[in-house]
Amino acid sequence: MSKKAIILLSGGLDSATTLAIAKENNYECYALSVNYHQRHNYELIAAKKIAKYFSVKDLKEVEIDLSWLNNSALTNNSLSIPENLSTGIPITYVPARNTIMMSLAMAWAESIDCTDIFIGVNAVDYSGYPDCREEYISSFQKMANLATKKAVEGDLVKIHTPLIKLSKKEIILKGIELGVDYSLTISCYQVSSEGLACGKCDSCRLRKAGFENAGLPDPTKYL
């Protein structure tokens, strides 16, 4: 393999599928997970399992404490995770999360002579986060190509978003085709310390519906 890629790996269904797609396209994969002191930090355990399953070249887990961002239910444990359908941008939105994560990926990529970054954002079956939209990704890519030495010297950064226009059903079917073991993944915003999903949050509902629409059993362990 001559191509390198940084894969943002959260431990969830989407990022695991994204990693599988990068592998299918013959990238040498470097996985990046971020411990931002999220309440659902079991996803970091899942990320390690997925990275091992796909034999990534390297896995970095970077710690950036965002627990002081008190307006997100994912970083402020005193806020409740919604268990009803959310309208508008939900309280689980973490300010600048994807910007922070992609900036870390951009820095690591430049340090290993890599110009390709994969992120599993989705603008179809998602929770309404503004940093999952195509216009955001396009703007970040433009910024990355103004900010990095390699890009200024001619090696442009490419942000790959292979899932951005897919439904959750389509994502799951693609992953099954590529051999993703979804039992290793976790999507829940309030997963227990034993790895059991709540089955009630937005993320769990989207996951459940995806497997149902795909006509496949959901391998998730629920409370």
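Of the residues that make up segment 10-24, is at least one part of a strand (DSSP E or B) and in contact with a helix residue (DSSP H, G or I) (Cβ under 6 Å, 6 or more places away or on another chain)? No - not one qualifying residue is present in segment 10-24.
Among the listed residues Gly199, Gly179, identify the single one that is in contact with a strand residue (DSSP E or B) (Cβ under 7 Å, 6 or more places away or on another chain), touching a residue at least 12 places away in the same chain (Cβ under 8 Å) and at positive phi. Steps first, please.
Details: Gly179 fails: in contact with a strand residue (DSSP E or B) (Cβ under 7 Å, 6 or more places away or on another chain).
Gly199 is the lone residue from the list that is in contact with a strand residue (DSSP E or B) (Cβ under 7 Å, 6 or more places away or on another chain), touching a residue at least 12 places away in the same chain (Cβ under 8 Å) and at positive phi.
For Ser55, the conditions (1) part of a loop (DSSP other than H, G, I, E, B); (2) touching a Gly at 6+ places or on another chain (Cβ under 7 Å); (3) of a type in the set (Gly, Ala, Ser) all hold with the exception of (2). Under the condition of being of a type in the set (Gly, Ala, Ser), in contact with a helix residue (DSSP H, G or I) (Cβ under 9 Å, 6 or more places away or on another chain), surrounded by fewer than 17 Cβ atoms within 10 Å (Cβ to Cβ) and in a helix (DSSP H, G or I), the residues counted in segment 94-139 number 1. State yes or no: is Glu170 surrounded by fewer than 18 Cβ atoms within 10 Å (Cβ to Cβ), of a type outside the set (Gly, Ala, Ser) and modelled with pLDDT of 95 or more? No: the conditions fail for Glu170. In summary, Val124 fulfils each of the numbered conditions (1) closer than 22 Å to Ile81 by Cα; (2) at pLDDT 95 or above with the single exception of condition (2). With the structure loaded, tell me whether Ser192 is closer than 26 Å to Gln38 by Cβ, polar (S, T, N, Q) and either over 14 Å from the mean Cα position of the chain (by Cα) or at pLDDT below 95 (or both) or whether it fails that test. Yes, satisfied. Selection over segment 1-48 of residues that are more than 11 Å from the chain's Cα centre (by Cα) and of a type in the set (Ser, Thr, Tyr) gives a count of 5. The numbered conditions (1) among the aromatic types (Phe, Trp, Tyr); (2) modelled with pLDDT of 95 or more; (3) within 25 Å of Ser167 (Cβ to Cβ) are all true for Tyr129 except (2). Does Met143 satisfy the condition of being hydrophobic (A, V, I, L, M, F, W, C), within 20 Å of Val34 (Cβ to Cβ) and touching a Ser or Thr at 6+ places or on another chain (Cβ under 7 Å)? It is false that Met143 is hydrophobic (A, V, I, L, M, F, W, C), within 20 Å of Val34 (Cβ to Cβ) and touching a Ser or Thr at 6+ places or on another chain (Cβ under 7 Å). Checked against the criteria, Ile45 does not count as among the β-branched types (Val, Ile, Thr), out of contact with any strand residue (DSSP E or B) (no Cβ under 7 Å at 6 or more places or on another chain) and crowded, with 21+ Cβ neighbours inside 10 Å.
This table checks each residue for (1) free of Cβ contacts under 8 Å to residues at least 24 places away in the same chain; (2) closer than 17 Å to Cys201 by Cβ; (3) in contact with a Lys or Arg (Cβ under 6 Å, 6 or more places away or on another chain).
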residue: Asp14; (1), (2), (3): no, yes, no
residue: Thr18; (1), (2), (3): no, no, no
residue: Asn26; (1), (2), (3): no, no, no
residue: Asn41; (1), (2), (3): yes, yes, no
residue: Lys52; (1), (2), (3): yes, no, no
residue: Ser55; (1), (2), (3): yes, no, no
residue: Ser67; (1), (2), (3): no, no, no
residue: Asn70; (1), (2), (3): yes, no, no
residue: Ile81; (1), (2), (3): no, yes, no
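The values are calculated or read from the model by the stated rules, or taken from the named source; none is laboratory data. All values derive from a computational prediction rather than experimental measurement. Here the Cβ is made from the backbone with ideal geometry for all residues, glycine too, and neighbour counts use every protein chain on show.
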